[in-house]
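Inspection log for the structure reproduced underneath, given as C-alpha cells.
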Amino acid sequence: MGDIENLPDDVGQLKHLVWDYYQQISQLQDRVALLQSALYAPKSEKSKDLFQGILPLPLVRTAEAKPVEVPVVEIPAHTRAKRGRKPLPDHLPRIDIVHDLPDDQKVCGCGACLKRIGEEVSEKLDYVPAVMQVERHIRPKYACPSCDGEEGMPVVRIAPMPPQIIPKGMATPSLLAQVVTAKFVDAMPFYRQTKQFARLGVEIPRHSMSGWAMAVAKALEPLHALFRAEIRSGPVINMDETTLQVLKEPGRPDTSTSYLWLFRGGNPDRPTVVYRYDPTRSGSVPKEYLGEYKGYIQTDGYAGYQALGESDDII
C-alpha cells in the first residue's frame, strides 16, 4: 500500500484508494481459486482453459488517480438477543427448597425485626433415578359359611386378574414398555439393560427380556393391521428396503442376507411408517403388503418394484 506517510489526508481520496485495493484483492482471490482448481481437480477437469482470461493485475492507482464513484452501503441499526441459558420447561414439576435466615439474624441492629420484602429464586435441573418396585395384586377369596356350593355356585369366589400382556408373567406393562423402548428406540442391547437393572438391585436375564419383546410384538399385531390399513389409505406410498443380518434364524446360516422393508404412507400431514422383516428381496413382498392399493408409489430403480407398475391402478 506504500509508505503510510504518503497517504492522502483527503477522506474521499482514501475511500478511492481502499476501493482499488478491494478490487485487487478480489482478483487475487479469483486467481487463487483457479490455481487450486487446476492443482487439485480431477485430471479430466484440468485444462489450459482455466487460465484463459486471467490478465496481469493492474497497477494500483496512486492517490492522485481520477476519483471513481464508490458505492455506499448503509447498515441499519439492530438489536442483538441477550445470550444466556434457556429457561427450564414449564411442564416439569417444581419442588421448593427454602433457604432462610436463622431467627437470630432476622433482627436488625436497632432491635427491630426484619420484614420480608421479596425473594430470589434460582432453578436447577434435578434427576430422579429409576426405582424398581413390586406390585402386589391382592385378590380376596370368599366362601359361603352356610353351604359347600350345594346351590350350584362355586365354593370359593375370587375376582379375576386384569388382562395381562404376558399371562402369569412378572413384568408389568410399564416394565415391558421400558425394555422395548430402550431396545428399539434407544438402541440399548438386552445385555446392557441387564447391567442397568442389576445396579437397581434386580436380576433380569436377557433371554427373559428377549421373550418379553416377542410377546409384546405379538400383542401389538392388531396395531400393525391398523397401520397397514392407514398406509394404504393415502394418495402415495414411499417404499425402500435395506439389508439385515439375523443370527440364529431357524433353517438359515448366520451369514445369510435378509431384508428390512419400509413402507410410508397415509395422511400426508401425519404419515405412518412401518418396518417389515423378510428373508428375501422378492418383489412379491411389497405386492403382498399393498394388496388392493390404488394410487402412487415412489421407489428407487430396483427391478423388484417393476411388477407393481403392471397394475392399472398403480402409478
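Looking at this structure, is V216 open to solvent by 60 Å² or more (accessible area, probe 1.4 Å) and either in the same structural domain as G169 (by the TED database) or part of a strand (DSSP E or B) (or both)?
Here the answer is no, as V216 does not meet what is asked.
Looking only at the range 266-315, how many residues end up being open to solvent by 50 Å² or more (accessible area, probe 1.4 Å), of a type in the set (S, T, Y) and either part of a strand (DSSP E or B) or in contact with an Asp or Glu (Cβ under 6 Å, 6 or more places away or on another chain) (or both)?
Residues meeting the conditions: 3.
Just checking, does the range 196-214 include any residue being within 27 Å of L290 (Cα to Cα), over 23 Å from the mean Cα position of the chain (by Cα) and of a type in the set (A, V, I, L, M, F, W, C)?
Looking only at the range 196-214, we keep the residues that are within 27 Å of L290 (Cα to Cα), and these are 213-214.
Narrowing further to those that are over 23 Å from the mean Cα position of the chain (by Cα): 214.
When the remaining residues are screened for being of a type in the set (A, V, I, L, M, F, W, C), the result is 214.
Yes, because at least one residue in the range 196-214 is within 27 Å of L290 (Cα to Cα), over 23 Å from the mean Cα position of the chain (by Cα) and of a type in the set (A, V, I, L, M, F, W, C).
Could you check G201 against (1) in contact (Cβ under 8 Å) with a residue 60 or more places away in the chain; (2) surrounded by fewer than 15 Cβ atoms within 10 Å (Cβ to Cβ); (3) in a helix (DSSP H, G or I) and say which number it fails?
All conditions pass for G201, except number (3).
Is it the case that T194 is modelled with pLDDT of 95 or more and more than 24 Å from R276 (Cα to Cα)?
Numbers: modelled with pLDDT of 95 or more: yes; more than 24 Å from R276 (Cα to Cα): yes.
For T194, the condition - modelled with pLDDT of 95 or more and more than 24 Å from R276 (Cα to Cα) - is met.
Looking at the range 239-262, is at least one residue open to solvent by 70 Å² or more (accessible area, probe 1.4 Å), touching a Pro at 6+ places or on another chain (Cβ under 8 Å), part of a loop (DSSP other than H, G, I, E, B) and at pLDDT below 95?
no
Consider the range 5-23. How many of its residues are open to solvent by 50 Å² or more (accessible area, probe 1.4 Å) and either polar (S, T, N, Q) or assigned to a helix (DSSP H, G or I) (or both)?
Of the residues in the range 5-23, 11 are open to solvent by 50 Å² or more (accessible area, probe 1.4 Å) and either polar (S, T, N, Q) or assigned to a helix (DSSP H, G or I) (or both).
One line per residue, one yes/no per condition, for (1) in contact (Cβ under 8 Å) with a residue 40 or more places away in the chain; (2) more than 15 Å from T299 (Cβ to Cβ):
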{"residue": "K218", "(1), (2)": "no, yes"}
{"residue": "R228", "(1), (2)": "yes, yes"}
{"residue": "I231", "(1), (2)": "yes, no"}
{"residue": "G234", "(1), (2)": "yes, yes"}
{"residue": "M239", "(1), (2)": "yes, no"}
{"residue": "G251", "(1), (2)": "no, yes"}
{"residue": "S258", "(1), (2)": "no, yes"}
{"residue": "L262", "(1), (2)": "no, no"}
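Based on what the data block shows, is L125 surrounded by 10 or more Cβ atoms within 10 Å (Cβ to Cβ) and in contact (Cβ under 8 Å) with a residue 12 or more places away in the chain? Before you say what the answer is, go through the steps one by one.
Details: surrounded by 10 or more Cβ atoms within 10 Å (Cβ to Cβ): no; in contact (Cβ under 8 Å) with a residue 12 or more places away in the chain: yes.
No: the conditions fail for L125.
The values are calculated or read from the model by the stated rules, or taken from the named source; none is laboratory data. The structure presented is a predicted model; accordingly, all values stated were derived computationally and were not measured. Cβ: placed from backbone, ideal geometry, glycine included. Neighbour counts: every protein chain shown. Heavy atoms of the whole protein, side chains included, go into the accessibility calculation; ligands, DNA and RNA do not. Shrake-Rupley method; radii C 1.70, N 1.55, O 1.52, S 1.80 Å.
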